[in-house]
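As structure tokens, the structure follows; a few thoughts come after it.
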Amino acid sequence: MPLSAGEIAAGVRARELRATDVVAAALARIERADPHLCAFAEVWGEEALRRAGELDTRLDRRGAGPSLPLAGVPIAVKGRSGLRAAGPLLTAGGVAVGATSVPGPGTPWQTWGLGARGRTVNPWRADRTPGGSSAGAAAAVAAGLVPLATGGDGAGSVRIPAAWCGVVGLKTTRGRLPSADPTGLAVPGVLARSAADAGLWWTVVAGEPEPAETTRPVTAVWSPDLGFAGPDPEPVALARAEVERLEAAGVVRLVRPVRPLRLADPGPAWLALRTPGADPAGAERVRAQNDRRLAGILGEAELLLTPTAPTAPHGHEGPGDRYSTSLTWAFNLSGHPALSLPAGFGGDGCPGGLQLVASHGREALLLAVARKADRS
């Protein structure tokens, strides 16, 4: 298994690893795997090796300071325009190796990726989608091509592919990081093979210290459907089994809320906010109602736990009438941070996910719980 982002950066700073060697190895993995996986829209091999060489020269001359927490880490950015938002990662020593696939023109709903060589496939089953729209990002991380990939999450576009590819996916709080989406629904996020690597990304982009360890079980409320979603039994069972594992390990402690959580279906409100010329009044009423209910639940417990996606990964023919976003886009509407943890495998051999939701601004809590879950 390739080294983690943290291991790479520590090795490069200590001069036990050369950034050029690390990046060359990542590019070789991409060259071998991407004709089948189609996770990349563009690969920037020459530029990546040049940047890695400059980093090695700098470190050989001056040594490493605390300003390079991502020294030599190969990073994939979401889509051809993703490099514009990657400045903090590059300043921290990361090396962008390419742009990952996103849905192609005219794609119904956002569940596919279109790489330079064709349709992006799920690393666990080529006949299944990796999810979207951060399709290539999740596939590249899950296949071990890079340890970190940037994503964007407007309705679940980081968390759903994270769940379906079996990696960690973090959606940030609305307004915490810059976003080009005028509706505020889409926010930056990251996909990583471990919570520790996702936490490293967060410290760089947010300028916060590493998330502190949780020393006690974190209180949590479990909801299989948010009161409206109607998920399939298997994704619910996988997520619930992961909750029970975390409870047995002392990572979380389930509490019973005074009232069961029943959100209004956010779908119509989300769509209205994304439709030019639509009257936003109804959407804002749904948002206000759900915000009150979420505030009540997150006043009783520190986390809300749900399955990440309502179904297993579907085939490349499409999802039919099912919205894969039914359990995620409520938190784009509300702006809460949310994280998808791997939650085992279904009968089809594909991963499932457990979604963790916290109060606004509590990314550090999500990452601390996820890190503890990784080690349990």
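Considering segment 155-173, and only residues there that are polar (S, T, N, Q) and under 18 Å from Gly79 (Cβ atoms), the residue that is surrounded by the most Cβ atoms within 10 Å (Cβ to Cβ) turns out to be Ser157.
The requirement of being in contact with an Asp or Glu (Cβ under 8 Å, 6 or more places away or on another chain) and either over 23 Å from Trp201 (Cα atoms) or open to solvent by less than 10 Å² (accessible area, probe 1.4 Å) (or both) is not satisfied by Gly320. Suppose we filter segment 174-193 for residues that are surrounded by fewer than 21 Cβ atoms within 10 Å (Cβ to Cβ) and touching a Lys or Arg at 6+ places or on another chain (Cβ under 8 Å); how many remain? Number of matching residues: 3.
If you go through segment 70-103 and keep only what is open to solvent by 10 Å² or more (accessible area, probe 1.4 Å), under 20 Å from the mean Cα position of the chain (by Cα) and closer than 22 Å to Ala14 by Cβ, you end up with just Leu90.
Looking only at residues of segment 335-376 that are surrounded by fewer than 21 Cβ atoms within 10 Å (Cβ to Cβ) and of a type in the set (Ser, Thr, Tyr), we find that the one that is farthest from Glu247 (Cα to Cα) is Ser359.
In segment 218-237, the residues that are in a helix (DSSP H, G or I) and open to solvent by 20 Å² or more (accessible area, probe 1.4 Å) form Cβ pairs under 9 Å with partners that are acidic (Asp, Glu) and modelled with pLDDT of 95 or more, at six or more places apart or across chains, as follows: Glu234/Asp348; Val236/Asp225.
In segment 250-266, the residues that are under 25 Å from Ala373 (Cβ atoms) reach residues that are at pLDDT 95 or above and open to solvent by 90 Å² or more (accessible area, probe 1.4 Å) with C-beta atoms within less than 8 angstrom, at least six apart or across chains, in these pairs: Leu261/Arg293; Leu263/Arg293. Residues of segment 267-292 that are touching a residue at least 24 places away in the same chain (Cβ under 8 Å) and surrounded by fewer than 18 Cβ atoms within 10 Å (Cβ to Cβ): Arg274, Gln289, Asp291. Pairs are defined by a Cβ separation below 8 Å, a sequence spacing of at least 6 or placement on different chains, a first member in segment 190-211 that is touching a residue at least 24 places away in the same chain (Cβ under 8 Å) and over 22 Å from Gly144 (Cα atoms), and a second member that is among the aliphatic types (A, V, I, L, M) and open to solvent by 30 Å² or more (accessible area, probe 1.4 Å); the pairs so defined are Glu208/Ala364; Pro211/Ala364. Of the residues Arg245, Arg240, the single one that is in contact with a Pro (Cβ under 8 Å, 6 or more places away or on another chain), part of a helix (DSSP H, G or I) and closer than 20 Å to Lys372 by Cβ is Arg240.
When Asp225, Asp181, Asp232 are checked against the criterion of being in contact with a helix residue (DSSP H, G or I) (Cβ under 8 Å, 6 or more places away or on another chain) and of a type in the set (Asp, Glu), a single residue qualifies: Asp225.
Would you check if Ser81 is touching a Lys or Arg at 6+ places or on another chain (Cβ under 9 Å) and polar (S, T, N, Q)? The answer is no for Ser81.
The values are calculated or read from the model by the stated rules, or taken from the named source; none is laboratory data. Small disclaimer: the values here were computed from a predicted structure and weren't measured. Because the Cβ atoms are built from the backbone with ideal geometry, glycine has one as well, and the counts that use them run over all protein chains shown. Note: accessible area is taken over every heavy atom of the protein model, side chains too, but ligands, DNA and RNA are not part of it. Shrake-Rupley method; radii C 1.70, N 1.55, O 1.52, S 1.80 Å.
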